[in-house]
Amino acid sequence: MRFIFMSEGETVPGHTHEHRYRELVEEVLLAEEVGFDAFGTSEQHVAIGTATTSAPEVLYPYLMALTSRIRFIHLVTLLPTRMNHALRVAERLATEDILSNGRVELGVGRGNTTLALRAFEVEPTENKAQLIEGLEVIRRALHNDVFSFVGNHYKIPPRSLVPRGIQHPYPPIAMAAGSPGSVRKAAELGIGAIVGGFYLGFEFVENMLGIYDEALAEATHVYPLQAQKLVAVAGGMHCAESRDEAYKWARSLKETVALSTDAYDRLSKLSADYQYMGAVKDIDFDDERYLFEDSSGFIVGDPDDCVAQVQRFADLGADAIVMRIDGLPHRELMKSIELFGKYVIPRFKNPRAVVRPAETILEDIRAMRPAHYAELEAFEHSAAQRDPRGHVVTAGEAR
């Protein structure tokens, strides 16, 4: 299980983007220190109230220079042609691969807000095809010394990518997959799938991961396999010293959830490719028990609560959890990152190293005593049947 810290630099009214970005840097440095595997942010344009991370390709190299272990994942780079030319994405990724010493990964998607799509004049009925073509361009550019491509959206003559990255065969790639069709496509392509984020419950996540496994086993893969199942906990992760404190802070995240899901409902009416997003309109976001415990959109509670909730994802076969840790005061985010890193991550990374309560250890000692004394008695009985030189004394010799 990999643990991925995701933030979108959410900035509250009265704050400044400059100050929020400096806070975010501190949060990433702490995440590396306490054991998170990776940091990622989405590419969000002209967002209102929920995200400020419009240029992750600029933010990441700065953070790469300040860190040494934590990886960086684009969650996700948008591939409509009016937003990002696929060849430019490949160039930037290879450059980041070099600067990070092989610590970068790529997630791709097509956009999930009408604010951004309309600002860049992206047609919602065409961007899925642009995503798939762009993904093929990126893989060809990264994998082949010389490549070319001819399609509806890209026509690239024979060229060679410069610079070349350092990861072999190239940085891991995953695709945002919100529908059964998308998760199947990711598996058929042999790349990772980023699922979840729609608050539809653990049964929905389980079904999506099952589709991925089935399609992955059935597919024939042209490129080196980069299979991974990433589950997005989009509502938020907040770990606090008590469950009551965690819930108090998590309640303030519901406004962000309302903003993002409202965009989903609008998108579902613009294109058949987005129709699946309309399912969020049937969710009661005022049902706190469902939202925080069963929607699969939150991990909230004290460290023990968080361990139990992460275990639910592990039991479903998730390879990684992408947790949005954002939208709260900086000091609370730092406390949450530290508690999760110190008390939750080790339970899955190195459980034998976790110090157990003394009483629990004593109970195990008491439980083992009968078997130990039985073994000791058998040993002493056997020893009594040996002569001083260590030979077994037979019944005839004893007589």
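Data table
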| read-out | value |
| --- | --- |
| Those residues of region 54-100 which are open to solvent by less than 50 Å² (accessible area, probe 1.4 Å), among the β-branched types (V, I, T) and not in a loop (DSSP other than H, G, I, E, B), in sequence order | I73, V76, T77, V89 |
| Test set (1) of a type outside the set (G, A, S); (2) exposed (fewer than 14 other Cβ atoms within 10 Å of the Cβ); (3) at pLDDT 95 or above; (4) within 30 Å of G14 (Cα to Cα) - D286 fails condition number | (3) |
| Out of K349, K335, sole residue that is touching a residue at least 12 places away in the same chain (Cβ under 8 Å) and surrounded by fewer than 17 Cβ atoms within 10 Å (Cβ to Cβ) | K349 |
| From the options V322, V300, V355, V307, residue that is over 24 Å from A176 (Cβ atoms), at pLDDT 95 or above and either open to solvent by less than 40 Å² (accessible area, probe 1.4 Å) or not in a helix (DSSP H, G or I) (or both) | V307 |
| Set L200, L253: member being touching a Gly at 6+ places or on another chain (Cβ under 7 Å), closer than 17 Å to R289 by Cα and modelled with pLDDT under 95 | L253 |
| Strands (runs of 3 or more DSSP E) wholly inside region 151-246 that include at least 2 residues being loosely packed, with under 15 Cβ neighbours inside 10 Å and more than 16 Å from the chain's Cα centre (by Cα) | 155-159 |
| Of all residues making up region 133-150, the number that are β-branched (V, I, T), surrounded by fewer than 19 Cβ atoms within 10 Å (Cβ to Cβ) and within 27 Å of G40 (Cα to Cα) | 0 |
| Residues of region 101-130 classified as hydroxyl-bearing (S, T, Y), touching an Asp or Glu at 6+ places or on another chain (Cβ under 8 Å) and either under 28 Å from D37 (Cβ atoms) or assigned to a helix (DSSP H, G or I) (or both), total | 0 |
| Of all residues making up region 265-275, the number that are out of contact with any Lys or Arg (no Cβ under 6 Å at 6 or more places or on another chain), of a type outside the set (A, V, I, L, M, F, W, C) and at pLDDT below 80 | 2 |
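The values are calculated or read from the model by the stated rules, or taken from the named source; none is laboratory data. Quick caveat: nothing in here was measured; it's all calculated off a predicted structure. Here the Cβ is made from the backbone with ideal geometry for all residues, glycine too, and neighbour counts use every protein chain on show. Just so you know, the surface numbers come from the protein's heavy atoms only, side chains and all, with ligands and any DNA or RNA stripped out. Shrake-Rupley method; radii C 1.70, N 1.55, O 1.52, S 1.80 Å.
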